[in-house]
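These notes concern the structure reproduced below.
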Amino acid sequence: MIIGGKAMPPEKSWNTNDLDFDENGQLIIKNPSLKYYILEMMGKSDPDAVPNPNCDGVLIPQGCAGGQAGPQMPNPNCETPITAGCGDSGKCEITIECLIKPETEEENI
Amino acid sequence: MNLSERMFAASLAGNRLFLILLPTEACNFRCVYCYEKREDGRMEESVIQGVKNLLTRRAADLADLRIAWFGGEPLLARDIIEDVHGHVHTLLEEHSQIRFSADITTNAYYLSREVFEDLLKRGVTMYQISFDGPREWHDRKSVLPGGKGTFARIWKNVTALRQVPGEFKVILRIHVDEDNLEAIPDFIVQCRDAFGQDSRFQFFIRALSRLGGSRDHQIRALEGGLQDERIAALRKLASSMGLNEYCSQRTFTPCYAVQGNCFVVRADGRITKCTVSLDHPGNQMGRLHQNGTMTLNRERMLAWMRGLFSRDSEALRCPLSGFSDPCSG
């Protein structure tokens with residue numbers, strides 16, 4: 001799955017049923033799309049950053065904004081080496097499969 | 001009112017933790033508008049250990065840790081603050097990814113320059129201190145148990161902080177009601193003369209509210225229809241005089257209690273969401289145990305977070321407003 005153009009908007013179907021707490025009071029996000037959205041929003045170093053106009057149209061969670069690849073937050077289960085995002089080339093090379101995989105649904109953010 | 005997507009995400013991020021700690025629920029003041037019962041005293045040793053163990057358990061996964069010291073008067077239990085901060089700094093050495101911040105809401109009676117510098121050194125960088133207007137009004141509302149006024153000592157303590165080098169923020173919260181309304185402009189001038197050139201001191205002018213205290217009937221709150229207009233006029237006056245306005249009032253900020261990663265830990269280990277309606281049945285979320293684990297009422301926790309998803313402005317401004325307890329049967 002590749003999200004094109006801009007950040008994924010919140011899904012109206014998200015609700016408190018997507019949440020739980022562990023014994024340490026830590027939030028557990030049970031819905032993968034909500035988990036991804038939170039990762040995306042919290043991963044941005046500048047929440048007001050706008051996509052690089054030179055970007056090829058693929059906005060990734062940590063890259064593209066301002067044309068710089070941001071800090072990477074790879075899923076440890078990802079099997080594909082993660083490369084930098086939308087840098088000087090204007091090409092974004094990370095797909096969301098590398099950040100959220102089905103088997104990690106119950107992990108905490 | 002719009003909830004920013006950043007705020008939405010931050011309120012649900014599992015790698016953030018915001019603890020509001022009440023190291024004591026006792027207070028050396030008897031403010032006429034106080035809503036707290038002041039029945040419980042110092043934080044129990046098992047709870048202090050619970051706080052430290054909780055931080056240890058969470059440290060590896062934390063990106064942001066904020067501790068807010070509240071009370072009662074937290075400086076009556078300064079040793080607990082020192083104890084917890086000592087533990088935090090040990091954790092920070094082991095977990096350098098954690099961004100740590102700490103603040104305190106204090107009446108400043110015991111906030112001498114020496115105490116302030118010690119707290120600052122330990123990482124408490126933001127201070128919220130209230131004034132009920134100039135001396136003649138503050139000394140009628142914020143009093144010691146015997147009725148003696150407190151303005152002179154607090155003013156001396158706060159103005160002494162100007163000489164402290166370094167980065168910190170002091171938010172001077174000015175309460176306004178029908179009693180002191182006419183006196184506030186002169187107090188603003190007094191504040192300008194004392195702090196106007198120092199951007200580390202910021203001013204938060206707001207209406208005095210009835211929050212459920214036993215003497216609420218004595219509070220002459222600003223008339224509802226004119227309240228916003230009067231407060232806005234005073235803020236404008238303060239701004240025109242060069243006082244630094246505490247910026248959070250300019251933009252809508254949801255109540256901290258809607259955040260799923262925010263907990264109030266009372267002195268006896270009870271966990272609540274809100275620091276105002278402390279004993280409200282719907283505000284009882286569970287308990288912090290000595291080993292650092294929590295027993296939480298999940299359904300009630302989630303009910304307080306409903307505004308994040310409904311985007312209902314009232315549920316975001318005050319989650320207890322319109323609260324329907326899912327656990328009351």
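The values are calculated or read from the model by the stated rules, or taken from the named source; none is laboratory data. In this text the structure is predicted, and so the values were computed from the model without any measurement. No Cβ is skipped: glycine too gets one built from the backbone with ideal geometry, and neighbour counts run over all protein chains shown.
Since B:GLN290 meets every condition but one in (1) more than 8 Å from chain A (Cβ to nearest Cβ); (2) crowded, with 19+ Cβ neighbours inside 10 Å, which condition does it not meet?
All conditions are met except number (2).
Residues being more than 11 Å from every other protein chain (Cβ to nearest Cβ), assigned to a strand (DSSP E or B) and β-branched (Val, Ile, Thr): count how many of those fall in region B:254-287.
2
Let's see how each residue does on (1) part of a loop (DSSP other than H, G, I, E, B); (2) touching a helix residue (DSSP H, G or I) at 6+ places or on another chain (Cβ under 9 Å):
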{"position": "B:VAL170", "(1), (2)": "no, yes"}
{"position": "B:HIS175", "(1), (2)": "no, yes"}
{"position": "B:GLU182", "(1), (2)": "no, no"}
{"position": "B:VAL189", "(1), (2)": "no, no"}
{"position": "B:ASP193", "(1), (2)": "no, no"}
{"position": "B:PHE204", "(1), (2)": "no, yes"}
{"position": "B:GLY242", "(1), (2)": "yes, yes"}
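Could you count how many residues in region B:132-183 are within 24 Å of B:GLY224 (Cα to Cα) and of a type in the set (Val, Ile, Thr)? Break it down into steps so the answer makes sense when it comes.
Taking region B:132-183 first, the residues within 24 Å of B:GLY224 (Cα to Cα) are B:132-134, B:137-138, B:140-142, B:172-183.
The next check asks that each one be of a type in the set (Val, Ile, Thr); those that pass are B:174, B:176.
Total meeting the criteria: 2.
Considering (1) surrounded by fewer than 17 Cβ atoms within 10 Å (Cβ to Cβ); (2) within 20 Å of the chain's Cα centre (by Cα), say which one B:SER313 fails and leave the rest.
Every condition holds for B:SER313 apart from (2).
I need the full set of residues from region B:293-324 which are within 14 Å of chain A (Cβ to nearest Cβ), part of a loop (DSSP other than H, G, I, E, B) and within 30 Å of A:SER13 (Cα to Cα), in order please.
Of everything in region B:293-324, those that are within 14 Å of chain A (Cβ to nearest Cβ), part of a loop (DSSP other than H, G, I, E, B) and within 30 Å of A:SER13 (Cα to Cα) turn out to be B:ASN297, B:MET305, B:ARG311, B:ASP312, B:PRO319, B:PHE323, B:SER324.
Restricting the search to region B:39-66, which residues are more than 10 Å from chain A (Cβ to nearest Cβ), among the aliphatic types (A, V, I, L, M) and farther than 18 Å from B:ARG122 by Cβ?
B:VAL47, B:ALA60
Can you tell me which residues in region B:153-168 are under 20 Å from the mean Cα position of the chain (by Cα) and either in a helix (DSSP H, G or I) or among the basic types (Lys, Arg) (or both)?
Matches in region B:153-168: B:ILE154, B:TRP155, B:ASN157, B:VAL158, B:LEU161.
Any idea which residue in region B:2-28 is modelled with the lowest pLDDT, counting only those that are surrounded by fewer than 19 Cβ atoms within 10 Å (Cβ to Cβ) and in a loop (DSSP other than H, G, I, E, B)?
B:ASN2
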